[in-house]
Amino acid sequence: MDTEVLVVGAGPTGMTLANELLTAGVSTVLVDRLARRSELSKAGGVQSRTLEVLDQRGLLEPLLATGDHPVTTGHFAGVPLPHSSDRHRLPWRSVPQVVIEGFFEEHLGARGLHVRRDHELVGLAQDGTGVTATFAGGTSLRARYLVAADGAHSTVRSLLGAAFPGEPGTLTIIAADVRLDGADPSASHTWNEDGYWAALFPLGTDAEGRPLRRLVLGGPGQSLPRETPVTEDDIRTGLNTVFGTKVHLLELRYARRITNASRQAERYRHGRVFLAGDAAHVHLPLGAQGMNTGMQDAFNLGWKLAAAVRGWAPANLLDTYHAERHPAGAAVLRNVRAQSLLMDWAGTRDPEVLAAREIFTSLAQLPDVQNHLGDLMSGMAIRYPMRDPAPGGTSHPLLGLPVPDLDLGGVRVHELLRAGRGVLLDPADAYGEVAAAWSDRVVLAGRGAAIEPLLIRPDGYVCWAPPAPLEPALHHWFGEPL
Ligand SMILES: Cc1cc2nc3c(=O)[nH]c(=O)nc-3n(C[C@H](O)[C@H](O)[C@H](O)COP(=O)(O)OP(=O)(O)OC[C@H]3O[C@@H](n4cnc5c(N)ncnc54)[C@H](O)[C@@H]3O)c2cc1C
């Protein structure tokens with residue numbers, strides 16, 4: 001083997017995964033076909049759950065220190081969700097994808113993992129012990145596992161012949177990074193009466209400190225083939241159609257047309273090859289979910305692959321990646337479909353859609369509805385389908401959910417997860433003897449704290465609580481003691 005894990009694609013998914021593997025001490029190669037990092041801003045929003053997991057790896061503070069990354073209001077179908085910011089410990093931040101990728105590349109480089117650029121994967125073969133990847137130019141590399149984080153048009157997915165069912169794109173809209181004059185900084189979505197709409201989100205500032213915006217433009221007849229270049233005139237006409245003469249384009253930095261294709265890989269695991277991020281799911285970028293979902297895929301898969309490489313992964317642990325992340329991805333695709341319909345993405349002005357939108361908008365003023373939608377979009381409501389591993393198990397309300405950031409008196413639970421190992425909270429010192437055999441994988445903590453006992457996986461999900469017996473849960477998630 002040249003390496004334990006080969007990660008193909010150094011976007012946010014691949015970078016996050018490489019960092020997880022590095023944290024677990026697994027030899028990893030990260031390749032990308034691009035000679036230089038992409039400068040496309042793409043994603044602009046980081047959701048609560050992603051922020052939380054970054055904090056659990058000690059990366060949040062340094063990431064936020066890279067610039068001005070304000071807390072912003074989320075939305076569902078263009079309807080603002082003001083209360084979602086109050087509900088989660090770390091509310092949605094505006095951090096452009098380029099900043100995240102740059103941050104990760106630097107962080108990985110400082111730890112000795114340098115992205116191998118100009119490496120385009122063109123061939124793939126797997127057998128009982130590993131995967132051989134071939135690159136343009138003829139070089140090859142052998143790894144025990146390969147992760148396809150190579151984006152929406154994944155070469156790995158095509159080479160596998162992996163089913164990617166869903167709906168093809170039928171329309172396009174324009175997404176652009178711009179500087180504007182006259183735009184209301186607090187407005188996110190604006191419609192005109194003919195069904196044209198514009199969405200505006202903060203994207204930080206340029207080198208001179210001037211505010212940048214993500215502008216998305218849609219409406220009837222806007223849909224041109226994806227490859228058609230976007231001109232300044234297209235942007236000016238779009239702005240004029242929605243805002244009249246109030247808003248002016250000062251600078252167009254980058255623009256593209258994006259489609260409403262909605263697809264999800266049928267299987268996330270193909271033997272020793274795993275699909276993650278946009279390689280596994282694509283949808284309209286509504287509500288800042290694509291990058292976040294990909295990074296969550298990586299947090300889920302990283303520790304499991306590390307366990308397999310280390311030799312302690314219980315049977316089926318690697319299969320739980322599909323079992324947990326496929327439903328999470330499917331839920332995102334569903335909420336994006338609902339949003340696309342409600343915001344009349346295609347500008348149909350269908351009276352039934354408009355009526356549904358009117359009722360939805362009034363419902364979305366209710367705090368309970370805002371909380372529900374905020375939980376959905378933030379990734380905080382994802383409960384992994386976890387059965388109590390033993391007879392007599394309990395349906396503890398936290399089972400399968402992210403562990404809250406409990407204060408253990410001087411240290412927070414999320415800080416304890418920084419080593420990338422499991423954590424057993426044992427306030428009454430009742431489980432130390434049982435857990436001792438797993439001490440290389442599970443950190444014992446919380447003695448004397450006013451908390452209840454919990455077993456937490458390295459990705460921060462609660463996987464056991466009393467009165468279920470602890471030992472079967474340790475076997476189930478952390479394998480046989482060495
Ligand atoms: C306009 C726009 C706005 C968006 N806004 C948001 C948002 O606010 N929040 C959010 O969460 N998401 C958002 N998204 C979605 C987000 O950008 C994607 O979900 C995200 O980029 C997926 O990350 P990834 O790492 O899986 O794939 P990618 O970012 O596509 O990275 C894949 C990488 O693989 C490399 N690669 C491809 N093929 C090969 C090969 N054969 N060999 C080697 N390398 C290869 C590519 O060069 C690339 O670097 C937005 C997208 C768009 C277009």
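Every number here is computed from the coordinates shown, using simple stated rules; none is lab data. Please read these numbers as outputs of a predicted model, since none were measured by experiment. Reconstructed Cβ throughout: ideal geometry from the backbone, glycine too, with neighbour counts over all protein chains shown.
With the largest listed first and rounded to whole Å, the semi-axes of the equivalent ellipsoid of the chain from the Cα gyration tensor are 38, 27, 20. Placing one equal scatterer on every Cα of segment 172-259 and applying the Debye formula, the log10 ratio I(q)/I(0) at q = 0.22 Å⁻¹ is -1.08. Solvent-free Debye calculation, one equal scatterer per alpha-carbon of segment 386-482: log10 I(q)/I(0) at 0.25 Å⁻¹ equals -1.54.
Magnitude of the charge dipole for segment 329-406, about its Cα centre and with charges confined to Cβ atoms of Lys, Arg (+1) and Asp, Glu (-1), is about 220 debye. Using C-alpha pairs below 8 Å separated by at least 6 residues, the relative contact order for the chain is 18 percent.
Between amide H atoms placed 1.01 Å from N, distances below 5 Å from H270 occur with L275, all of them 5 or more places distant or on a separate chain. Bridge orientation summary for the chain: considering DSSP beta bridges with both residues in this region, about 75 percent are antiparallel.
Give a quick list of trypsin sites (Lys or Arg not before Pro) in segment 1-70 that DSSP marks as loop, anything other than H, G, I, E or B, with at most 10 other Cβ atoms within 10 Å. Hits after loop and neighbour filter: R36. With the helix formula -39500 (n - 2.57) applied to DSSP H stretches of n ≥ 4, the chain reaches a computed 222 nm mean residue ellipticity of -9500 deg cm²/dmol. Amide H to amide H, with H built 1.01 Å from N, L30 comes under 5 Å of V7, R116, counting only residues 5 or more places away or on other chains. For segment 204-217, putting each phi into the Karplus relation 6.51 cos²θ - 1.76 cosθ + 1.60 with θ = phi - 60° gives couplings of x, 10, 7, 4, 8, x, 8, x, 9, 10, 8, 10, 10, 10 Hz, in residue order, rounded to whole numbers and with x for Gly and Pro.
Taken about its Cα centre, segment 386-482 carries a charge dipole of roughly 200 debye when the Cβ of each Lys and Arg holds +1 and the Cβ of each Asp and Glu holds -1. Structural descriptor for segment 238-376: relative contact order 18 percent, calculated from alpha carbon pairs under 8 angstrom and at least 6 residues apart.
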